[in-house]
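Engineer: This is the structure, below, for whatever I ask next.
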Amino acid sequence: MCLAVIAKILQIEGVTAEASFGGVRRRISLQLLPEAQVGDYVLVHTGFAIAVVDPAEAEATLALLAEVRGEDAP
Amino acid sequence: MTWPSLERFRDPALGQRLLGEIRRLAEHLTRPVTLMEFCGSHTHAIMQSGIRQLLPPQVRLLSGPGCPVCVTAQADIDRAIALASRPEVLLASFGDMLRVPGTTHSLQQAAAEGASVQVVYSPLDAVALAGQHPDREVVFLGVGFETTAPGVAAAVQWAQARGVRNFSVVSLHKFTPPAMRAILEAGEVRLDGIIGPGHVSAVIGSEAWAFLPREYGLPVAVAGFEPVDILLAVRGLVRMVVEGRAEVVNAYPRAVRPEGNPAAQAVMQQVFAVADAEWRGFGVLPRSGMALREAFRPWDAWARFGVPEVPSREPPGCRCGEVLRGVLTPPECPLFGRVCTPEAPQGPCMVSAEGACAAWYGYGRGEEAHSAH
């Protein structure tokens, strides 16, 4: 039930937005995430955006992981 | 138009490298460690990706109470079914609740016998239903943790602002930290670290878990739901155990901020007051539930219809409560896979998409399920 799906905000009208879920368009509420902007990727749970997915933080995580060594033996 | 980096958090090569590092770190452990994944969605992701079996034997994962449908008390399920059976009521619910066995029947069976039950994706859909059915009383069955409660609160505010009077909510919403605390206070299981719930933490903030290291000396790693996210959290926890540190690590920083989502918290607090709540497997936990505030009394289903008095009894033989406390793994329940299957679930842990029994049955019926004593 705590699953959330990523969507991209295409257009904002008041407290609702048109968002793309992998190409499928749905209307979502921004009432819980008023700072969301057009072009943001957001986590959507039960029709409400609850968090902006920060691409810079994602890149930082992946960059740190690039330094992870694998098994010593292949 | 999926999110560009998502695939990289599913990259098996990256996962293998993290597993390699976890194995190397685990060599420094002086004893086996048990990490609890609080969240049922984590349990499913862990079982689906096979992470449980891939981890070194010194690192054990244990499912926690993070399945809102599962922790809903039997009495509350029976009350919801009784409410749905009133002729004027149209009960709107998330789909997971429908097949949960009540004492005598489930919501789905009540619907087959004539009760009006409608599955909705969003609580806003339930408010819309009230508009479409002005002659009915639309009651939304509010189940969920801090991820879900703000949306339900927003729906109540929406109904209030538009004067929708034939809409009300049964709030069975719960806060997650009290359940974590209850497990630690009970001391039935020894835990060495907690994989924190990613989407609950997106709302309440990673710092909401600071009491775990501070009061219990337990490390926490808040995790996302892709395999790389979960391995990143496990690596962080094993590393802290090896180094003798206990902190809150945010292993899901792309979605979780230390302070969480203040707007969502504000809406939740405007509508819900902290109340005691009964949890399956735990009994009544003080200050663990959300009740509609006095100002929203017209939208409180219990205030409007009264709390139905229904004799309740947990399903005979079902060990869901112990599974939720981490005392038992699903295959240790005598009913598991024999009389209790997803087709004929005896308790909610086998029904819900987040239930540990459903996850073990769906993905984990191999060697490990049978070898678990």
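Engineer: Could you pull out every one of the helices (runs of 4 or more DSSP H) wholly within the stretch B:25-135 that has 1 or more residues that are more than 14 Å from chain A (Cβ to nearest Cβ) and of a type in the set (D, E, K, R)?
Structural biologist: B:51-54, B:74-84
Engineer: Here's something else I'd like to know. Within the stretch A:20-27, is even one residue buried (at least 20 other Cβ atoms within 10 Å of the Cβ) and more than 8 Å from chain B (Cβ to nearest Cβ)? So that I can check it myself, show each step before the final result.
Structural biologist: Kept after step one, since they are buried (at least 20 other Cβ atoms within 10 Å of the Cβ), are these residues of the stretch A:20-27: none.
No, the stretch A:20-27 has no match at all.
Engineer: Just checking, does the stretch A:32-40 include any residue being out of contact with any Pro (no Cβ under 7 Å at 6 or more places or on another chain), facing chain B (nearest Cβ under 7 Å), outside any helix (DSSP H, G or I) and surrounded by 22 or more Cβ atoms within 10 Å (Cβ to Cβ)?
Structural biologist: yes
Engineer: For the stretch B:253-263, give me the residue count where each residue is of a type in the set (D, E, K, R) and either surrounded by 23 or more Cβ atoms within 10 Å (Cβ to Cβ) or within 20 Å of B:HIS42 (Cα to Cα) (or both).
Structural biologist: Counting residues in the stretch B:253-263 that are of a type in the set (D, E, K, R) and either surrounded by 23 or more Cβ atoms within 10 Å (Cβ to Cβ) or within 20 Å of B:HIS42 (Cα to Cα) (or both) gives 2.
Engineer: Then there is this: Can you tell me which residues in the stretch B:1-25 are crowded, with 20+ Cβ neighbours inside 10 Å and among the small types (Gly, Ala, Ser)?
Structural biologist: Of everything in the stretch B:1-25, just one residue is crowded, with 20+ Cβ neighbours inside 10 Å and among the small types (Gly, Ala, Ser), namely B:GLY15.
Engineer: Right, another one. Considering each of B:ALA266, B:ALA303, B:ALA273 in turn, give the residue that is among the hydrophobic types (A, V, I, L, M, F, W, C), surrounded by fewer than 24 Cβ atoms within 10 Å (Cβ to Cβ) and under 25 Å from B:ILE183 (Cα atoms).
Structural biologist: Details: B:ALA266 fails: under 25 Å from B:ILE183 (Cα atoms); B:ALA303 fails: under 25 Å from B:ILE183 (Cα atoms).
Going through B:ALA266, B:ALA303, B:ALA273 in turn, just one is among the hydrophobic types (A, V, I, L, M, F, W, C), surrounded by fewer than 24 Cβ atoms within 10 Å (Cβ to Cβ) and under 25 Å from B:ILE183 (Cα atoms): B:ALA273.
Engineer: Considering only residues that are within 8 Å of chain A (Cβ to nearest Cβ), of a type in the set (D, E, K, R) and closer than 30 Å to A:ALA19 by Cα, which ones fall in the stretch B:1-24?
Structural biologist: B:ARG8
Engineer: So, one more: I need the full set of residues from the stretch A:6-19 which are surrounded by 15 or more Cβ atoms within 10 Å (Cβ to Cβ), in contact with a strand residue (DSSP E or B) (Cβ under 7 Å, 6 or more places away or on another chain) and touching a residue at least 24 places away in the same chain (Cβ under 8 Å), in order please.
Structural biologist: Correct list: A:ILE6, A:ALA7, A:LYS8, A:ILE9, A:ALA17, A:ALA19.
Engineer: Name the residue that is farthest from the other protein chains (Cβ to nearest Cβ), counting only residues in the stretch B:226-252 that are of a type in the set (Val, Ile, Thr) and crowded, with 21+ Cβ neighbours inside 10 Å.
Structural biologist: Looking at the filtered set, the residue picked out is B:VAL241.
Engineer: Just to be sure I understand the filter: pairs with C-beta atoms under 7 Å, separated by 6 or more residues or on different chains, first member in the stretch A:32-54 and free of Cβ contacts under 8 Å to residues at least 24 places away in the same chain, second member among the acidic types (Asp, Glu) and part of a loop (DSSP other than H, G, I, E, B). Which pairs pass?
Structural biologist: A:VAL52/A:ASP40
Engineer: Restricting to the stretch B:247-289, what's the tally of residues that are without any contact (Cβ under 8 Å) to a residue 24 or more places away in the chain and acidic (Asp, Glu)?
Structural biologist: Number of matching residues: 1.
Okay, residues lined up against (1) of a type in the set (Phe, Trp, Tyr); (2) over 20 Å from the mean Cα position of the chain (by Cα):
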residue	(1), (2)
B:SER168	no, yes
B:LYS174	no, no
B:ALA179	no, no
B:GLY187	no, yes
B:ILE204	no, no
B:GLY224	no, no
B:ASP229	no, no
B:GLY244	no, yes
B:TYR252	yes, no
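Engineer: Another question about this same structure. Kindly indicate the residue of the stretch B:320-372 that is among the aliphatic types (A, V, I, L, M) and not in a loop (DSSP other than H, G, I, E, B) and also modelled with the lowest pLDDT among those meeting that condition. Before the answer, list the steps.
Structural biologist: If we filter the stretch B:320-372 for residues that are among the aliphatic types (A, V, I, L, M), which is where we start, we get B:323-324, B:327-328, B:335, B:339, B:344, B:350-351, B:353, B:356, B:358-359, B:369, B:372.
Subsequent filtering for residues that are not in a loop (DSSP other than H, G, I, E, B) retains B:323-324, B:350, B:356, B:358-359, B:369.
Details: B:VAL323: 97, B:LEU324: 97, B:MET350: 97, B:ALA356: 97, B:ALA358: 96, B:ALA359: 95, B:ALA369: 44.
The residue in question is B:ALA369.
So that you can scan it fast, the table gives a plain yes or no per residue for (1) at pLDDT 95 or above; (2) within 30 Å of B:PHE140 (Cβ to Cβ); (3) aliphatic (A, V, I, L, M); (4) more than 15 Å from the chain's Cα centre (by Cα):
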| residue | (1), (2), (3), (4) |
| --- | --- |
| A:ARG26 | yes, yes, no, no |
| A:LEU32 | yes, yes, yes, no |
| A:ALA36 | yes, yes, yes, no |
| A:VAL42 | yes, yes, yes, no |
| A:ALA63 | no, no, yes, yes |
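Engineer: Let me ask something else about it. Would you say B:VAL59 is within 25 Å of B:SER168 (Cβ to Cβ) and buried (at least 20 other Cβ atoms within 10 Å of the Cβ)?
Structural biologist: Answer is no for this residue.
Engineer: In this structure, does B:VAL200 turn out to be in contact (Cβ under 8 Å) with a residue 24 or more places away in the chain, assigned to a helix (DSSP H, G or I) and more than 11 Å from chain A (Cβ to nearest Cβ)?
Structural biologist: no
Engineer: Considering every residue within the stretch A:42-57, establish whether at least one is in contact with a His (Cβ under 9 Å, 6 or more places away or on another chain), surrounded by fewer than 16 Cβ atoms within 10 Å (Cβ to Cβ) and among the β-branched types (Val, Ile, Thr).
Structural biologist: No, that holds for no residue.
Engineer: Wholly within the stretch B:235-297, which strands (runs of 3 or more DSSP E) include no fewer than the required count, namely at least 3 residues that are closer than 26 Å to B:ALA153 by Cβ and in contact with a strand residue (DSSP E or B) (Cβ under 9 Å, 6 or more places away or on another chain)?
Structural biologist: Result: B:272-279, B:283-292.
Engineer: Just checking, how many residues over the stretch B:136-151 are closer than 22 Å to B:GLU88 by Cα and either buried (at least 24 other Cβ atoms within 10 Å of the Cβ) or facing another protein chain (nearest Cβ under 9 Å) (or both)?
Structural biologist: 6
The values are calculated or read from the model by the stated rules, or taken from the named source; none is laboratory data. These figures come from a predicted structure and were not determined experimentally. Cβ coordinates were reconstructed from backbone atoms using ideal geometry, including for glycine residues, and neighbour counts include every protein chain displayed.
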